[in-house]
Amino acid sequence: MVPLKKLLEAYRINHSEEVTTDEVLDFLENSGSIDENNFKGHFTGSAWVVNPFKDHVLMTHHKKLGMWLQLGGHSNGENDLFKVALREAREESGIQEIIGLSKNIFDLDIHTIPQQIDQPSHKHYDIRFLFEADPLETDIIISEESHDVDWIPLDKVLTFNSEKSINRMVQKTKLLKIGKLI
């Protein structure tokens, strides 16, 4: 397992979201926690799952947040966020044949989770990795955490969720398709 600090430093060299990377590194060094009971904030692992042609993305319509997102979630005690992302992708989609395309960070984001009944508002420092699955070889099983899980055409993803970080991952996926990324 490559330590998170090394993954973040490598990511900063190759990507332009320096402010976000610096803020995540600062959080890691000063108060970072993988423990989801830390309500100042904590790290999460997410999976941006593409099909082999890189023209569809597997997304979930998250029940609690009421929006379409990449698959992912809390660590539940696992320190390796790549493993967290893979576990969450499998749990949330029912697809077991998901493979990692790289153990390097694909994207990262900081976002605020609104107050829930059992927890105050807090930040997620979301570390995102790139995975692949074949929609023709797998059946989706929707977990209790989702209203729906579906393969969304890459050119339609922003109609489901137009957030800046989703747009950034769509743009990176387009670069993957032409061999300009990874």
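Odds and ends about this structure:
- Filtering region 136-151 to residues that are closer than 17 Å to Ala47 by Cα, in contact with a strand residue (DSSP E or B) (Cβ under 6 Å, 6 or more places away or on another chain) and surrounded by fewer than 17 Cβ atoms within 10 Å (Cβ to Cβ) leaves Ile142, Asp148.
- Just one of the numbered conditions (1) under 26 Å from Glu23 (Cβ atoms); (2) among the hydrophobic types (A, V, I, L, M, F, W, C); (3) modelled with pLDDT under 95 is not true of Leu86: (3).
Matching residues to (1) free of Cβ contacts under 8 Å to residues at least 12 places away in the same chain; (2) touching a helix residue (DSSP H, G or I) at 6+ places or on another chain (Cβ under 6 Å); (3) surrounded by fewer than 17 Cβ atoms within 10 Å (Cβ to Cβ):
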residue: Gly72; (1), (2), (3): no, yes, no
residue: Ala89; (1), (2), (3): no, no, no
residue: Ile95; (1), (2), (3): no, no, no
residue: Asp109; (1), (2), (3): no, yes, no
residue: Gln116; (1), (2), (3): no, no, yes
residue: Asp126; (1), (2), (3): no, no, no
residue: Leu130; (1), (2), (3): no, no, no
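- Test: residue in region 158-166 that is small (Gly, Ala, Ser) and buried (at least 16 other Cβ atoms within 10 Å of the Cβ): yes
- Which listed residue is in a strand (DSSP E or B), farther than 18 Å from Ala85 by Cβ and under 16 Å from the mean Cα position of the chain (by Cα), from Asp150, Asp126, Asp109: Asp150
The values are calculated or read from the model by the stated rules, or taken from the named source; none is laboratory data. Model, not experiment: these values are computed from the prediction. Using ideal geometry, Cβ is built from the backbone for each residue, glycine included, and neighbour counts are taken over all protein chains shown.
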